[in-house]
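Following: one structure in C-alpha cells, then a few remarks.
No value in this document is a laboratory result; all are computed from the given coordinates. Everything quoted here is computed from the prediction, not taken from an experiment. Here the Cβ positions follow ideal geometry from the backbone for every residue, glycine too, while neighbour counts run over all protein chains shown.
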Amino acid sequence: MISRIKNLLQSAPGTEQRNAHERVQVATCVLLLELAHTDGDFHAMEEQLVNDLLRNRFQLDDQTLEELIEFSRQQREGALDLYQFARTINENFSREEKFEVMVELWRVVYCDGVLDKYEEYLMRQLAKLLRQSHREMIAAKLKVLDETRP
C-alpha cells in the first residue's frame, strides 16, 4: 500500500478516481495528526480518536489504516506546510464534506477536554486553507461541543 500511495502522490493530476481517493485519505490523516500533535502532547485517546475517525470515514481495515497512518506521519514530518494537503481536500471534497472534516478536527481538539491556544490558532488556519468561513468553523465547533455536553 505504501508504494502505491507514494506512486499516486507523484502521479499527474487527473489520474483515476481511486488515486484521488487515496490522496484524500493521506491529506485528511495528515491534518488530523498535525492537530493532534499541536499542543505538544499526543495522548492515547487522541490516537484512538484519529484511528476511529479515519476508519469510519474511509471504511479501512486495520492493516490499511496502520499503513495510512505510518505513511501520513512520514508525509507530515517532511512537509513544509499544510497547504498541499488542504488543496487535495479542496479539490476532492464538497463544501459539506469539508465541513465534516472540520467537525472531525474539532473532535480531536476537544478529545482531551481542553482547547489549547495553539490548537485554536491551527483550527483558524485550517478553516482558511479548507475555504471554510468563520461561521462554518464556529458551527463545526459548536456541533462538537453540543455532542460533548452532558
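Some observations on this one:
- Relative contact order [Cα under 8 Å, 6+ residues apart], region 52-150, whole percent: 29
- Sites matching GluC sites (Glu not before Pro) across region 86-150 that sit in DSSP coil, with at most 11 neighbouring C-beta atoms within 10 Å: none
- Inter-label distance for Arg73 and Phe58, nm, one decimal - labels placed 7 Å from Cα along Cα-to-Cβ: 1.5
- Of the residues Gly40, Leu80, Ile69, the one whose Cα sits farthest toward the positive end of the charge dipole of the chain, with +1 on the Cβ of Lys and Arg and -1 on the Cβ of Asp and Glu, is Leu80.
- With coordinates expressed along the principal axes, the C-alpha atoms belonging to the chain extend over 44, 31, 28 Å, beginning with the largest.
- Per-residue [θ]222 nm for the chain (sum of -39500 (n - 2.57) over DSSP H runs n ≥ 4, rounded to 500): -25000 deg cm²/dmol
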